[in-house]
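Undergrad: Before we start, here is the structure in question, set down as structure tokens.
The values are calculated or read from the model by the stated rules, or taken from the named source; none is laboratory data. Just so you know, these numbers come straight off a predicted model, no measurement behind them. When we count neighbours, we look across all protein chains shown, and the Cβ atoms used for this are built from the backbone with ideal geometry, even at glycine. Quick note on the areas: whole protein, heavy atoms, side chains included, nothing else; ligands and nucleic acids left out. Shrake-Rupley method; radii C 1.70, N 1.55, O 1.52, S 1.80 Å.
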Amino acid sequence: MISKKMEALVENSSVIRAMFEEGKKMADLYGAENVFDYSLGNPSIEPPDEVKKAIIDIVTEENPMDIHGYMNNSGYEEVRREIAVSLNKRFDTAFGVEHILMTVGAAGGLNVILKTLLNPGDEVIVFAPFFGEYRNYVNNYDGNLIVVPPDTKSFLPNLREFANRISERTKAVIVNTPNNPTGVVYSENTIKALAEIMYKAQDKFGTSIYLISDEPYRELAYDGVEVPFLTKYYENTIVGYSYSKSLSLPGERIGYLVMPGELDDWEEIVHAANVANRILGFVNAPSLLQKVIGKCVDVPINISQYDRNRKFLYDALSRCGYEMVKPEGAFYLFIKAFEKDDVAFSEKAKKHRLLLVPGSAFGCPGYVRLAYCVDYDMIKRSIPSFQALAKEYYR
Ligand code: PLP
């Protein structure tokens, strides 16, 4: 009885989610300490104490009718102001309340902006490897996803292939830096080159092409690496942010969109995004969490645990003969499988109780993703399994 469109979506439903469920079953079977689950990007660092304090303070001190009621579909003004002020301080921008829309996480924000922009058949360009859900989000509004093949040396966007694919049908381009699944951070030079291609294409086709910067990992950058703020390089940029990873709140579903005043047709876009937030059924982002964010915008984030995991795993796996680009951000490693068939490789990994997500879930076969937002001791215990897996190929 379900729709044809849903039938296909259910059929291709998330490999990552399926693996997460499988991990739980394996834990029952072999004991949780003997299963090495690297499948899901679920933060392993507790939310900062300030989040808990903010929740308690808000529910004890503020008017419940205000905390739990409906508000403007774009969110509480005072919260959006706090976010704008914080962004302006950090990135030397000039945002106001009117440029910020509170969303149900990054996923909610992406759906709002794609609903706002896309006509059926419009093309949205992504760079492989990419967060697999982009395919579904674009499909929700009958857009066509155009995939730029990967540059597997650097895992930076393959700009030559990008220039070949951008066309009069291109409505939007999605980038994600720091990147899931590679952990790569795009340098300023890369972003400038990407912006130049987009400006040229806009001129050539006389169209507006929007750059959607999906950045739930913005704060997760290591070794002091800079994550450039994209609105500074390309005027038609919309930023999607989420607190899922930075404040470890993925279940709470809270984030925002930044729609700068420089956007072509800014007024219509902002108004339509507000309506999209409502009619997609979100209505507004969760009210209590909005207020929590209002109090926590500038809370410092400690990513030292992720950094320790990153360094340990990168060194240990390199010693076992695995190849990967050293990640500078997020909490993922994207390693080359020892055979072309990444699904077969991850099945072999399961025999060693390692749960790794095939790269084909990210449009990049031949690789697997590890999410290292896990317990450090689990990583240590898992190394013999990685060694045993490598030995299956190199006896
Ligand atoms: N975009 C990317 C690149 C992600 O990795 C994720 C989640 O893992 C999301 C969006 C969705 O984030 P949220 O939980 O805030 O909706």
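Undergrad: Would you confirm whether or not the range 97-108 contains a residue that is buried (at least 24 other Cβ atoms within 10 Å of the Cβ), in the same structural domain as ASP265 (by TED's automatic domain parsing) and of a type in the set (S, T, N, Q)?
TA: Yes: one or more hits.
Undergrad: Being open to solvent by 30 Å² or more (accessible area, probe 1.4 Å) and under 15 Å from TYR38 (Cα atoms) narrows it down to one residue among LYS391, LYS380; which is it?
TA: On the way: LYS391 fails: under 15 Å from TYR38 (Cα atoms).
It is LYS380.
Undergrad: Could I ask something else about it? Please specify each residue of the range 71-123 satisfying the condition of being closer than 20 Å to PRO260 by Cβ and assigned to a strand (DSSP E or B).
TA: The answer is ILE100, LEU101, MET102, THR103.
Undergrad: Hey, among the residues in the range 97-114 that are over 14 Å from ILE238 (Cβ atoms) and among the hydrophobic types (A, V, I, L, M, F, W, C), which one's farthest from the ligand (Cβ to nearest atom)?
TA: The qualifying residue farthest from the ligand (Cβ to nearest atom) is VAL97.
Undergrad: Taking into account only those residues within the range 1-35 that are part of a loop (DSSP other than H, G, I, E, B) and out of contact with any helix residue (DSSP H, G or I) (no Cβ under 8 Å at 6 or more places or on another chain), which is surrounded by the fewest Cβ atoms within 10 Å (Cβ to Cβ)?
TA: First, the residues of the range 1-35 that are part of a loop (DSSP other than H, G, I, E, B): 1-3, 12-14, 31, 35.
Among the residues that remain, those that are also out of contact with any helix residue (DSSP H, G or I) (no Cβ under 8 Å at 6 or more places or on another chain) are: 1, 3, 12-13, 31.
On the way: MET1: 2, SER3: 8, ASN12: 11, SER13: 11, GLY31: 10.
Among those residues, the one meeting the criterion is MET1.
Undergrad: Return yes or no: is SER208 assigned by TED's automatic domain parsing to the domain that holds GLU123 and within 16 Å of the ligand (Cβ to nearest atom)?
TA: Working: assigned by TED's automatic domain parsing to the domain that holds GLU123: yes; within 16 Å of the ligand (Cβ to nearest atom): no.
No, not satisfied.
Undergrad: Continuing with the same structure: Please determine, by comparing only the residues of the range 36-87 that are aromatic (Phe, Trp, Tyr) and crowded, with 20+ Cβ neighbours inside 10 Å, which one is farthest from TYR332 (Cα to Cα). Talk me through it step by step, then tell me what you get.
TA: Pass one, the range 36-87, residues aromatic (Phe, Trp, Tyr): 36, 38, 70, 76.
With the extra rule that they be crowded, with 20+ Cβ neighbours inside 10 Å, the set shrinks to 36, 38, 76.
Numbers: PHE36: 15, TYR38: 9, TYR76: 34 Å.
Checking each candidate, the answer is TYR76.
Undergrad: Restricting attention to the range 220-249, which residues are in contact with a Phe, Trp or Tyr (Cβ under 7 Å, 6 or more places away or on another chain) and within 16 Å of the ligand (Cβ to nearest atom)?
TA: LEU220, ILE238, TYR241, LYS245, LEU249
Undergrad: State which residue pairs qualify: first residue assigned by TED's automatic domain parsing to the domain that holds ALA371 and without any contact (Cβ under 8 Å) to a residue 24 or more places away in the chain and inside the range 242-271, second residue near the ligand (Cβ under 10 Å from one of its atoms) and of a type in the set (Lys, Arg) in any location, beta carbons under 8 Å apart, and separation of 6 or more residues or different chains.
TA: Close Cβ pairs satisfying both conditions: none exist.
Results for (1) in the same structural domain as ILE269 (by TED's automatic domain parsing); (2) away from the ligand (no atom under 16 Å from the Cβ); (3) over 29 Å from MET198 (Cβ atoms); (4) not β-branched (Val, Ile, Thr), shown as yes or no for each residue.
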| position | (1), (2), (3), (4) |
| --- | --- |
| PHE91 | yes, yes, no, yes |
| THR116 | yes, yes, no, no |
| GLY121 | yes, yes, no, yes |
| ALA128 | yes, no, no, yes |
| TYR141 | yes, yes, no, yes |
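Undergrad: Just give me the residues in the range 124-146 being assigned to a strand (DSSP E or B) and out of contact with any Gly (no Cβ under 7 Å at 6 or more places or on another chain), in sequence order. Before the answer, list the steps.
TA: Going residue by residue through the range 124-146, those that are assigned to a strand (DSSP E or B) are 124-127, 144-146.
Listed by number, the residues that qualify are ILE125, VAL126, PHE127, LEU145, ILE146.
Undergrad: Just the residues that are open to solvent by 30 Å² or more (accessible area, probe 1.4 Å) and either without any contact (Cβ under 8 Å) to a residue 24 or more places away in the chain or not in a strand (DSSP E or B) (or both), please, taken from the range 321-343.
TA: In the first step, residues of the range 321-343 are kept if they are open to solvent by 30 Å² or more (accessible area, probe 1.4 Å); the result is 321, 323-326, 328, 336, 338-341, 343.
Within the range 321-343, GLY321, GLU323, MET324, VAL325, LYS326, GLU328, PHE338, GLU339, LYS340, ASP341, VAL343 meet the criteria.
Undergrad: Additional query: Would you tally the residues in the range 272-314 being among the small types (Gly, Ala, Ser), open to solvent by 40 Å² or more (accessible area, probe 1.4 Å) and under 21 Å from the mean Cα position of the chain (by Cα)?
TA: Adding up the residues that qualify gives 1.
Undergrad: Collect the residues in the range 147-174 that are more than 27 Å from LYS245 (Cα to Cα) and not in a loop (DSSP other than H, G, I, E, B), keeping them in residue-number order.
TA: Answer for the range 147-174, where residues must be more than 27 Å from LYS245 (Cα to Cα) and not in a loop (DSSP other than H, G, I, E, B): LEU159, ARG160, GLU161, PHE162, ALA163, ASN164, ARG165, THR170, LYS171.
Undergrad: Further, regarding this structure: Restricting attention to the range 121-149, and to residues there that are small (Gly, Ala, Ser) and more than 13 Å from the chain's Cα centre (by Cα), which single residue is farthest from LEU40 (Cα to Cα)?
TA: At the first step, the residues of the range 121-149 found to be small (Gly, Ala, Ser) are 121, 128, 132, 143.
From what's left, more than 13 Å from the chain's Cα centre (by Cα): 121, 128, 143.
Working: GLY121: 32, ALA128: 19, GLY143: 27 Å.
So, considering only residues that are small (Gly, Ala, Ser) and more than 13 Å from the chain's Cα centre (by Cα), the one farthest from LEU40 (Cα to Cα) is GLY121.
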